[in-house]
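Data first, discussion second: the structure below is written as structure tokens.
The values are calculated or read from the model by the stated rules, or taken from the named source; none is laboratory data. Source: prediction; values computed, not measured. No Cβ is skipped: glycine too gets one built from the backbone with ideal geometry, and neighbour counts run over all protein chains shown. With ligands, DNA and RNA removed, areas are computed over all heavy atoms of the protein, side chains included. Shrake-Rupley method; radii C 1.70, N 1.55, O 1.52, S 1.80 Å.
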Amino acid sequence: MRQNFDVRGGPQLGRQNLPKLRDAMKAQDLDGFYIPHEDEYQNEYLPACNDRLAWATGFTGSAGAAMVFQDTAVIFADGRYTLQVRDQTDRELIDVEGLPEPGPFGWLAKQTLSGKTVGYDPRLMTPNDLDTLTAAAKKSGADLKAVETNPIDQAWDDRPGEPMAKVVAQKIKFAGLDSTDKRQTIADALKEDGADAAIITSPASVAWAFNIRGGDVACSPLPLARAILNNDGSADLFLDPRKVTDELRQHLGNTVTVRAIDELEPAIATLKNKTVSLDPALASAWFFKQVEDAGANILKQRDPVLLPKACKNSTEISGTEAAHIRDGAALTRFLHWLDTEAQSGDITEIDAALKLESFRDELSELNDLSFETISGAGPHGALPHYRVSSASNLELERGSLYLVDSGGQYLDGTTDVTRTVPIGGASDDMKRHYTLVLQGHIALATVRFPEGTTGTHLDALARYPLWQAGLDYDHGTGHGVGVYLGVHEGPQRIAKPWNSVALRPGMIVSNEPGYYREGQYGIRIENLQYVTEPADIPAGERKMLGFANLTWAPLARDLIMTSMLSPAEHDWVDQYHRDVLERIGPLVETEVADWLRAACAPL
């Protein structure tokens, strides 16, 4: 079993640990302390030893922050976690506020804290966030103090050990490019920008640039590592020596020096008078101070690995396509099971999650899940990032909707797919809302757009049908996805907030509009798709980019109100189902194939 359903977090953690934290704060003369969700590596999914926000408050969501003072504490979470954060925290000890408004910095700016000292850990904050925190503290009258040792680390007496998974090579048949060639391309870009070196702080960037993978982060094959890339193509790779094998050293070659992670600080000190590239959105404030103290010049720019990593090469696209077809067969077998054996009302959310996991496990190529399955029955489907536990486990009741968001990690690709299906009959409201979400999904799947277009420009297309009905959803529409890397990656994103990164050929993004009726049901339809090369449009004047679909699994025909669809939308659904049948039909057993033909029949 790759996932467990133990109860995590909860208000008892705040009750137990806030007093310990406050004692540690007092020992450092701190009146308050800022706790971000992110760890030293700016990871979204954290090793257990770095999940400081959960330890202090009990909240286990993948985004959030807290401000803890001696007499009060406030936690901040966005719309995805509105209900979860209230369930997991003790409301008598911790107040709940929103993200992004007011957010921890907006809240702090409105407080009166003259004479108070607020601490922060510079290893956990980017300079951009630190600038905002500094401005907020100034407005409140508080003094800021960078701590040498995080008071949570001092107070956490049963803290888990750091993960020690071996680091392995990602073969070129999956990567498509030799790691030496990758690093030389980055080195050439650094030289052109006038930089002598770049400090790469993101584990995903390190993994891509060196063609390596690890197992230090749940559901993401990431090694907790750092690197210094020089503009001549040579590099220093910093990671725990216990993770290094002779095979890894041979893979890395003579241009890479493997060093212990504790050698990073003295290595930075040798960069005096050099120009060093650092990403202020990814590298922590600690790195900036170390480089400044070394007497080096800082070139603030985007991590030079991000764009090359985001724009998949032809091998990565081909591998991802193959992974999605295999994964689609497993998901289709699961959807058949849901439709034929899980309609009784006795199947639970955990039963369903384990059944889907078992179908993926039958694929020998599966290395891990890409995230813990979101298995949401009825009202739990209305929680976009719901995690089922033994305490919350609901039955898939007849007359309800079931939302399942899941994915797998394969050597050749990473998958992420959401389907919503009826259990028993569905109401007209359920069907209408499903069809509105489907119309938004189709709009984003079929759009053609000029070069220079960002995800922000396209986000409204997926929301438009819902907006016209007075509805919306409180999460982004699309995120980047790696190739046997993180299921969430940037710099591209499709969402309301401004994103300046133009969509480029080879970028993989999710297409996942949704609708959530609190306390009743949730609907989300998610496929992955990648940006195609600019191409002519008949009678057009400019070449346009577009999207090619990656995900293949049937939609819920019983939830589609065909009367709401335009002829073009109707044709899109029928063509999509023809493509699903062509790709998936030959991979499943006869009984499932017969069911799939009916599920993919023309509307």
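A cut-off under 13 angstrom between Cβ atoms defines the neighbours of D157, and their net charge, with Lys, Arg +1 and Asp, Glu -1, is -1. Using heavy atoms of the protein chains and a probe of 1.4 Å, the accessible area assigned to M507 is about 0 Å².
In terms of Cα atoms, the Rg and Dmax of segment 472-566 work out to 15.9, 49 Å. If I model segment 490-530 as equal point scatterers sitting on the Cα atoms and use the Debye formula, what is log10 I(q)/I(0) at q = 0.29 Å⁻¹? Here log10 of I(q) over I(0) equals -1.03.
For the chain, the per residue solvent-accessible surface stands at 40 Å², with DNA, RNA and ligands left out and a 1.4 Å probe. Legend: translational diffusion of segment 242-286 by Stokes-Einstein, Rh = Kirkwood radius over C-alpha pairs, 20 °C, 1.002 mPa s; D = 163 µm²/s.
With contacts taken as Cα pairs under 8 Å and at least 6 residues apart, the chain reaches a relative contact order of 11 percent. How much of the accessible area of the chain, in percent, comes from carbon and sulfur atoms when a 1.4 Å probe is used? Of all accessible area on the chain, carbon and sulfur atoms account for 47 percent.
No solvent, one uniform scatterer per C-alpha: report log10 I(q)/I(0) for segment 299-388 via the Debye equation at q = 0.18 1/Å, two decimals. Values returned for q = 0.18 Å⁻¹ are -0.92. Of E321, E265, the order by accessible heavy-atom surface (1.4 Å probe, DNA, RNA and ligands excluded), from most exposed downward, is E265, E321.
With R₀ fixed at 35 Å, the C-beta to C-beta distance from A598 to A281 puts the FRET efficiency at about 0.10. Couplings 3J(HN,Hα) for segment 383-395, derived from phi with the Karplus relation 6.51 cos²θ - 1.76 cosθ + 1.60 (θ = phi - 60°), are 9, x, 10, 5, 10, 6, 10, 4, 8, 9, 4, 9, 7 Hz, where x marks Gly and Pro.
Just add up the charged neighbours of A63: K/R +1, D/E -1, any other residue whose Cβ is under 11 Å from the Cβ of A63.
-2
Please state, as a whole number in µm²/s, the translational diffusion coefficient that the Stokes-Einstein equation yields for the chain at 25 °C and 0.890 mPa s, with Rh defined as the Kirkwood radius across alpha carbon pairs. My calculation gives 97 µm²/s for D.
Compute the Rg/Rh shape ratio of segment 445-603: radius of gyration over Kirkwood radius, all on alpha-carbon atoms.
For segment 445-603, the value is 0.98.
The alpha-carbon atoms of segment 179-234, seen along their principal axes, cover 37, 18, 14 angstrom, with the largest extent given first.
The helix-only estimate of mean residue ellipticity at 222 nm for the chain, built from DSSP H runs of length n ≥ 4 each weighted as -39500 (n - 2.57), is -10500 deg cm²/dmol after division by the residue total.
Hey, any idea what the orientation-averaged projected area of the convex hull of segment 219-313's Cα atoms comes to, in nm²?
Computed as one quarter of the Cα hull surface, the answer is 7.5 nm².
Checked against a 30 Å cut-off, the cross-linked pairs K300/K496; K110/K145; K145/K166 give Cα-Cα distances beyond that limit for K145/K166.
If you count the DSSP beta bridges with both ends in the chain, what percent of them are antiparallel, to the nearest 5?
Taking every DSSP beta bridge with both residues in the chain, the antiparallel ones total about 75 percent.
To the nearest 10, the accessible area of L461 is 70 Å² with a 1.4 Å probe. Within a Cβ distance under 9 Å of T275, other residues only, what is the Lys/Arg minus Asp/Glu net charge? That works out to -1.
Under 21 Å of direct C-alpha separation, and excluding same-chain neighbours fewer than eight residues apart, K543 reaches these lysines: K312. Taking one quarter of the surface of the convex hull spanned by the alpha-carbon atoms of segment 149-281 gives a direction-averaged projected area of 9.5 nm². For segment 423-500, the Cα gyration tensor yields ellipsoid semi-axes of 26, 16, 11 Å (square root of five times each eigenvalue, largest first, whole Å). Could you pull out which residues in segment 513-527 have an amide N less than 15 Å from a spot 7 Å beyond the Cα of S62, following the Cα-Cβ vector? Only 513, 526-527 fall inside the zone, counting backbone N under 15 Å. I186 contributes an accessible area of around 10 Å² to the protein surface, as traced by a 1.4 Å probe with all chains present.
Distance between the C-alpha centres of segment 226-291 and segment 380-395: 41 Å, rounded to the whole angstrom.
Sorting the segments 190-198, 540-548, 562-570 by their residues' average number of neighbouring beta-carbon atoms within 10 angstrom, most packed first, yields 190-198, 540-548, 562-570.
If you take the alpha carbon radius of gyration of segment 284-440 and divide it by 2.2 N^0.38 Å, what ratio comes out, to two decimals?
Details: Rg = 20.9 Å, N = 157, 2.2 N^0.38 = 15.0 Å.
For segment 284-440, the normalised Cα radius of gyration is 1.39.
Averaging the sequence gap over all C-alpha pairs within less than 8 Å and six or more residues apart, then dividing by the number of residues, gives segment 61-132 a relative contact order of 26 percent.
Given the C-alpha atoms of segment 1-128, compute the convex hull and give its volume per residue in Å³. Per residue, the Cα convex hull of segment 1-128 comes to 121 Å³. Ranking E40, E101 by solvent-accessible area of protein heavy atoms (1.4 Å probe, all protein chains present), from largest to smallest, gives E101, E40.
Within segment 382-424, the proportion of C-alpha pairs whose separation exceeds 16 Å stands at 52%.
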